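Working notes for the structure below.
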Amino acid sequence: MTRDYHLFGIGNALLDTEFQVPEEFLTHNNVPKGRMTLINSTRRGELIDSVSGTPDGVSAGGSVANAIFAAQGFGCRNFFAGIVAEDDVGMAFIQELNHVGIDALPPRPTVHGDSGQCLIFVTPDGERSMNTSIGIADSFELSELPSPKIQSAELVYVEGYLASSRTGRDAARTVISRARDAGVRTCLTLADVSIVQNFKSALEYIVAPELDLVFCNVEEALAWCNVDSVEATYEPMLSIARLCVITLSDAGCIVIERGQSPLRVMGFPQSPLDSNGAGDMFAGAYLTGVVNGWENDRCARFANFAASKIVTQIGARLSSITEYREVWRAFHNAST
């Protein structure tokens, strides 16, 4: 069967808006340094009014959106299901995805609320202080989920952050269920250790009965399994997915698969400027390998290679879609 999309991704749609600010900006505006803080729309407006000048960077962010964007740059054709309003923030989000060929859900009329936005304040020492206004990003309606798009994908990729809201949880479960019924492979990222710790029952609801692939870092795996060694996570992680990839920062990753010995794939150590987005880049690269029919080892090496490129710059995205294509070519050149 010929499918229209390589990847169908679902996650929170957040427009990342980055400002370079002096240290005293954080103090004056009571912004916790180096942390992600949830804020409401009123607080978002206050912070925007307080910062001078235009943003230094704007990109259609969110974990799955970042991964889908990377995979698009590596040659895939993708669809992203995220909720935005028909406001300036939402239209900027949609237009960026559409510009590189990613299809997306249409925006909602603004009467339903504001689009989600993450204000990122970068101080001279390179610290990134993120202030996230979710807006309507997690307010999914099941009627909005396009079954034909899900069924025409090779793989669906679900964001664990959706477990933090009832509508997000139900949307994630529905997408996975519809994908299974259509013979589409299913994949999820556990997203963040705080999601595992605070919303594990919702994640269990999403993944039941099982997935084809799960991404997590070592902290998330340990928290999910409630153990203190990575080796002890192998059996319980494989109870929820046929294949699990555990990332180990610049040390690479471990790929575990039912019936196979664990596979350790070394990374490409760098002197990182910013680790934000490394996991998203890793997932986008690995999934590109999956839909191209690569073996686990090659998928993991490409994912490690791609992640090593994103940490050498500030921000969760490379500066243009062309740079992703250059990463793709560099990996292939090094592999031949």
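Taking K and R as +1 and D and E as -1, what net charge do the other residues with C-beta under 10 Å from the C-beta of residue 115 add up to? All intermediate terms of the calculation are to be shown ahead of the outcome.
Values: positive: 108; negative: 86, 87, 88, 114.
Cβ neighbours under 10 Å give a net charge of -3.
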Rounded Å value of the spacing that divides the Cα centres of the range 284-304 and the range 242-283: 11 Å
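Kindly state, to the nearest 0.05, the FRET efficiency for residue 58 paired with residue 38, given R0 = 30 Å and r defined as their beta-carbon distance.
For residue 58 and residue 38, the calculated efficiency is 0.90.
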Prolate/oblate/rounded label for the range 152-193 (Cα gyration tensor, a/c 1.5): oblate
Sulfur and carbon atoms: percent of accessible area, the chain [1.4 Å]: 48 percent
Residue-count net charge about residue 77 - beta-carbon cut-off 12 Å; Lys, Arg +1, Asp, Glu -1: -1
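Once the Cβ-Cβ distance between residue 86 and residue 3 is put in as r, and R0 is 35 Å, what FRET efficiency do you end up with, to the nearest 0.05?
0.75
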Ranking by accessible area, most exposed first, for 294, 224, 328 with a 1.4 Å probe: 328, 294, 224
Rounded Å value of the spacing that divides the Cα centres of the range 173-225 and the range 53-108: 23 Å
Neighbour net charge for residue 212 - beta-carbon separation under 9 angstrom, K R +1, D E -1: +1
Modelled FRET efficiency - R0 51 Å, residue 232 with residue 127, Cβ distances, 0.05 increments: 0.90
For residue 332, solvent-accessible area (1.4 Å; no DNA, RNA or ligand), Å²: 50 Å²
Estimated 222 nm signal from helices in the chain, with DSSP H stretches of n ≥ 4 weighted -39500 (n - 2.57), rounded to 500: -11500 deg cm²/dmol
Accessible heavy-atom area order of 301, 264, highest first, probe of 1.4 Å: 264, 301
Lysines whose Cα lies under 30 Å from that of residue 149, excluding same-chain neighbours fewer than 8 positions away: 200
Distance between modelled label sites at residue 28 and residue 239, nm, 7 Å Cα→Cβ extension: 5.4 nm
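On full extension of the chain, what length is gained from residue 20 through residue 292, given 0.36 nm per residue of separation minus the C-alpha to C-alpha distance?
Contour length minus Cα-Cα distance gives 94.0 nm.
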Segment residue 141-residue 268, length gained on full extension (0.36 nm per residue, minus Cα span): 41.6 nm
Set of aspartates and glutamates with alpha-carbon distance to residue 33 below 14 Å, sequence-local pairs under 8 removed: 23, 24, 125, 127
Rounded accessible area per residue of the range 220-336, 1.4 Å, Å²: 46 Å²
Accessible surface, 1.4 Å probe, highest first, among residues 234, 324: 234, 324
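The values are calculated or read from the model by the stated rules, or taken from the named source; none is laboratory data. A quick note: this is a predicted structure, and the numbers were derived from the prediction, not measured. Cβ atoms come from the backbone with ideal geometry, glycine included; neighbour counts cover every protein chain shown. These accessible areas exclude ligands, DNA and RNA; they are computed on the full protein's heavy atoms, side chains included. Shrake-Rupley method; radii C 1.70, N 1.55, O 1.52, S 1.80 Å.
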